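As structure tokens, the structure follows; a few thoughts come after it.
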Amino acid sequence: MEQEHISNEERSGPENQVLFEGLKNREPWAIRRLGVEVSRLFSRLPGAAAVSRQDKEELVNDTLVVVLSKLAEGAFEFQGAGPAAYAMGVARNLLNNWLRRQRLPAVSLDGAGPLPDGGLADYFEQKEKEQLLGDLLDQLGEDCRQLIRLRYYEEVKDEQVIEQRLTKHSTVDSLKNKRCRCLKKLSQLARQRQHLFR
């Protein structure tokens, strides 16, 4: 009877720990549970309405793969928050990348012939560098990542960012100052890992 008086918050800590351990051990029940949770929360992400059911399923599966690989690398550790919160951050990034790709013009490969070996190697090298840059951006924190994404990936003008309240910054000057600090930090991180960008 005493257990009925335990609040959801008190119960969620141990449940999150159990789920985290299950994911770390790649237990099927834990992976299914996280998949259900990510699938349920996915529609709350900005831009999710533009995704078909099939693409949503693929993005949810990709999210699970990334979370499990981050666990294996030791890049994601349990710190009290639920694994679903971490997974939704991953899902948001995957969704943003998917939406960005949808805006790119389609290129027909009919009659282009096979890619030369060098072209394929360059393609994979570029993808690897993009992944490294994405990892560096992840280390900057949400505010920095958002400021850099809006300016350099989505090419949104600073005035629009302020008018549409896309960030917590209320003036163009404060936004520019923060972005400048973020870029300096990104530059420092990139210099520390410059051997990976060769």
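The values are calculated or read from the model by the stated rules, or taken from the named source; none is laboratory data. Note that the coordinates shown come from a computational prediction; the quantities given were computed from them, not determined experimentally. Positions of Cβ are generated from backbone atoms using ideal geometry, with glycine treated the same way; all protein chains shown enter the neighbour counts.
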Since Phe78 meets every condition but one in (1) modelled with pLDDT under 80; (2) assigned to a helix (DSSP H, G or I); (3) not basic (Lys, Arg), which condition does it not meet? (2)
Please go through the range 31-55 and give me each residue that is part of a helix (DSSP H, G or I), under 15 Å from the mean Cα position of the chain (by Cα) and closer than 13 Å to Leu94 by Cβ, ordered by number. Val38, Phe42, Ala48
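Taking the range 28-72 as the search range and keeping residues that are of a type in the set (S, T, N, Q) and touching a residue at least 24 places away in the same chain (Cβ under 8 Å), which one is surrounded by the fewest Cβ atoms within 10 Å (Cβ to Cβ)?
For the range 28-72, the residue satisfying everything is Asn61.
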Test: Gln160 is polar (S, T, N, Q), in contact (Cβ under 8 Å) with a residue 40 or more places away in the chain, surrounded by fewer than 17 Cβ atoms within 10 Å (Cβ to Cβ) and not assigned by TED's automatic domain parsing to the domain that holds Arg92: no
Collect the residues in the range 14-26 that are more than 13 Å from Ala87 (Cα to Cα) and within 23 Å of the chain's Cα centre (by Cα), keeping them in residue-number order. Gln17, Glu21, Gly22, Lys24, Asn25, Arg26
